[in-house]
Structure formats: C-alpha cells, structure tokens
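Derivation of every value follows stated rules applied to the coordinates shown; laboratory data play no part. All of these numbers come straight from a predicted model, not from anything done at the bench. Reconstructed Cβ throughout: ideal geometry from the backbone, glycine too, with neighbour counts over all protein chains shown.
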Amino acid sequence: MENSKQKELEILVAIRNSPAIPADEFHKIFGEDWLYYKKFMISLYHNGFLIHASHDTIPGLKIWELTGVGNRVLTELLLERSNDLSKRLSEPRNSEKLRVNDLSFG
C-alpha cells in the first residue's frame with residue numbers, strides 16, 4: 001500500500017474510532033505528525049469522505065464524521081491493506097533454517 005493511502009486509512013480509522021472527539025481537538029491524535037497528516041485530511045474533506053458535523057448531544061460542538069463515500073473508501077483501503085499483508089505473509093522467506101546449535105537459551 002502506498003504511503004498516501006496508508007495515511008488516508010489512518011485518518012479514516014481515527015475518525016471512525018473516535019466519534020466523541022471534538023473536531024478542534026482531533027489533531028491531538030496525531031501529535032507531532034499532525035502537520036503532515038493535515039494535508040491528507042484536507043484532501044479527504046474536499047473529496048467528500050468526511051464532514052464537519054454537529055455533535056448529537058452537545059449543542060455547538062463539532063466533530064468529524066465519515067460520509068457514506070468515506071465509509072466505502074475506508075472499507076476498500078482496509079481490504080487493500082489486508083490483501084497486502086496476506087501477500088507479504090505468503091511469500092517465502094529468505095532465511096536459513098535454524099540449527100539446534102544456533103539457539104541460545106542463556
């Protein structure tokens with residue numbers, strides 16, 4: 001999975017898994033890396049994958065929420081990531097077989 005898709009996946013998962021985090025505090029999830037993630041977040045917003053929504057129980061509080069398209073893209077990215085991992089795990093490893101003498105129990 002290319003780096004930009006990985007960053008998009010991380011943002012979409014963070015939004016889905018953090019529905020109560022106020023939009024103005026969302027950047028804290030990414031800490032010092034926020035400025036790097038911010039450009040991906042802006043792109044996701046402009047592509048209609050997420051919206052700046054009102055909180056259901058706290059008037060005036062805004063949160064980030066995935067749109068239907070955002071949920072679909074999240075599912076596609078998760079599937080792509082899963083497929084990448086499956087391929088990587090199924091590739092033969094270029095390692096020698098361990099011999100009993102190579103093991104250290106010390």
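Some points to look at:
- Between 0 and 90°, nearest 10: helix 68-90 axis offset from the chain longest Cα axis: 10 degrees
- When exposed loop sites are taken as trypsin sites (Lys or Arg not before Pro) in a DSSP loop with at most 13 other Cβ atoms within 10 Å, the longest stretch of the chain clear of them is 1-92.
- Here the gap between residue 81 and residue 34, fully extended at 0.36 nm per residue and compared with their Cα-Cα distance, gives a gain of 14.7 nm.
- Most fluctuating residue given options 89, 50, 12, as computed from a GNM of the chain linking Cα atoms under 10 Å: 89
- Among the chymotrypsin sites (Phe, Trp or Tyr not before Pro) in the range 1-97, none sits in a DSSP loop with a Cβ that has at most 13 other Cβ atoms within 10 Å.
- Under the Karplus curve 6.51 cos²θ - 1.76 cosθ + 1.60, θ = phi - 60°, whole-Hz ³J(HN,Hα) for the range 33-40, x wherever Gly or Pro sits: 8, 4, 4, 6, 6, 4, 5, 6
- Exposed-loop-free span, longest in the chain, where GluC sites (Glu not before Pro) count as exposed if DSSP calls them loop and at most 15 other C-beta atoms lie within 10 Å: 3-95
- To the nearest ten degrees, helix 3-17 and the longest principal axis of the Cα atoms of the chain are 60 degrees apart.
- Of the residues 67, 57, 75, the one that moves most in a GNM of the chain with alpha-carbon contacts below 10 Å is 57.
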